[in-house]
Each structure stands twice: as C-alpha cells, then as structure tokens.
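Take a look at the structure below.
Bear in mind that the values in this text are calculations on the coordinates, not laboratory data. Because the structure is a prediction, the values reported are computed rather than measured. Cβ placement follows ideal geometry from the backbone for every residue including glycine, while neighbour counts extend to all protein chains displayed.
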Amino acid sequence: DGGITQSPKYLFRKEGQNVTLSCEQNLNHDAMYWYRQDPGQGLRLIYYSQIVNDFQKGDIAEGYSVSREKKESFPLTVTSAQKNPTAFYLCASSPWDSKNEQFFGPGTRLTVL
Amino acid sequence: GQNIDQPTEMTATEGAIVQINCTYQTSGFNGLFWYQQHAGEAPTFLSYNVLDGLEEKGRFSSFLSRSKGYSYLLLKELQMKDSASYLCAVRDAGNTPLVFGKGTRLSVIA
C-alpha cells in the first residue's frame, strides 16, 4: 500500500523541549512539504524540499528545522525557539509532473504543555 | 503577494446544491486545487483546474476563470457526510508549493 505516514498521531511535550515529527512516503515522490494548521488559519507552509539534500523555507520557518537525507523521509523538528508550537502538523508529498498534486499524511497533533 | 479568499462558513440542506466560491490574487498561475478535509483528518483531493471551464466528477464540479481569478466548487445532492472544510489552493508557478485559502466550513443539515 502506497502512502504517507506520520507518527505519532498525538504528541505531548513540555515547554522548552525540542520535538521531532516523522514523515515517511513510499510513493517515490520527489517533493515533500510541511504545513501547520491552526483553527481559522488554513494551511501555512513551514518548509519544503524538492530534492534530496535540499530544502527551502516556507512562510513560517522560524523555530523549525528539517532534513532530507533520504527521498522517503522528511522529518520536522520543532525547536524551543518556536513561540507557539501547539498545532496540527501536516506532511505532504508530490510527484514531479505537470499537475504536482499534493498528497497528505494523516497529521500529527502536537500539544506543548 | 498572494491572497486566496473563500467564505468562512456555509450551511446547506441535505439533498440541496451548494456553491463554494474562491477568489485568488497570485503573481502567476499554474493550477487550482480543491481539497476536502474532515475535522482532525488529512485533506483529500477533490478537483484540479488549470484551464478555464468546468470539470465534473460525480456529485462534485469545479469551475475556473483565470481572467477573473475565480473558481467555485459545486456540490450536488448534498449528504450529511459532506459536512467538512473545503480548501481552495493555488500553485502560482512551476513546481512551487500550493498556497491555501483558510477553508470554508460546510455544515449540511437535515
């Protein structure tokens, strides 16, 4: 079964701790993305990567970091510098074709206490 | 800058037709997507328009006018399970990430 997995579904952390969110895809997609969703805010782009070992900042990259060492994996680290990290985090991937439809993982809900 | 506008909330009756509008202002245009998202779940793809006109897929249709920066999603024969948020997203150029509107929360009532 091809798809995108994110783990865990729910994550709780204490304020001041870094936390890493996992995203894996077996769709052989070149591009991967991280979005954050808050109530009433829609999806906002944090980081994206179009190729292994390369990534670009999105609109709200401050306080986050990523890596893309393998095509299948694009982990997101929420650092203690992120002022308001509690949110729903969505990972997506897309193939390199004319349509570039983005496919989404199930999301991780992060709560910082 | 990039701006995508859609209504925040809509309510419609089971069995009826509802139209969700989306207007966009982007530096370029390379496709418009509609996604459906149930609360706490991932967005799922509904439709894609890159040329002007209407795309029909079962109970769902999507229309695009590039000159007006306007799209709509039409849902026919509404069912209770259609209660969800509907997200309009635009790609402004090449293979860049989608830019999303804030979504329209649709409530279907009996």
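Each other residue within a Cβ distance under 15 Å of residue B:60 adds +1 if Lys or Arg and -1 if Asp or Glu, for a net charge of 0.
Per residue of B:32-38, other chain Cβ atoms within 10 Å of the residue Cβ number 2 on average. Basic side chains Lys and Arg get +1 at the Cβ, acidic Asp and Glu get -1 at the Cβ, and with that the dipole of chain A about its Cα centre reaches some 380 debye.
Rounded to the nearest 20, the Cβ-based charge dipole of the protein assembly as shown about its Cα centre (Lys and Arg +1, Asp and Glu -1) stands at 380 debye.
In a DSSP loop and with at most 12 other Cβ atoms within 10 Å, the chymotrypsin sites (Phe, Trp or Tyr not before Pro) in segment A:40-113 are A:96. Rounded to 0.05, the FRET efficiency of the residue A:26 and residue B:95 pair, given R0 = 22 Å and the Cβ-Cβ distance, is 0.60. Summing charges over all other residues whose Cβ lies under 15 Å from the Cβ of residue B:74, with Lys and Arg as +1 and Asp and Glu as -1, gives -1.
Note on B:24, B:86: ascending count of other Cβ atoms within 10 Å places them as B:24, B:86, the fewest first. For the pair residue B:19 and residue B:66 in one chain, pulling the backbone fully straight at 0.36 nm per residue adds 15.1 nm over the alpha carbon distance. Under 5 Å from the amide H of residue A:86 lie the amide H atoms of A:112, each residue being 5 or more positions distant or on a separate chain, with H modelled from the backbone and absent for Pro and chain starts. Of B:27, A:93, A:73, B:62, the sequence from fewest to most neighbouring Cβ atoms within 10 angstrom is B:27, A:73, B:62, A:93. Listed values for segment A:20-32 are Karplus-derived 3J(HN,Hα) couplings in whole Hz (6.51 cos²θ - 1.76 cosθ + 1.60, θ = phi - 60°), namely 10, 9, 8, 9, 10, 9, 10, 8, 6, 7, 7, 9, 9, and x replaces Gly and Pro. When you filter the GluC sites (Glu not before Pro) in segment A:68-113 for DSSP loop state and at most 11 other Cβ atoms inside 10 Å of their Cβ, you are left with A:69. Across chain A, C-alpha contacts under 8 Å between residues 6 or more apart give a mean separation that, scaled by the residue count, equals a relative contact order of 35 percent.
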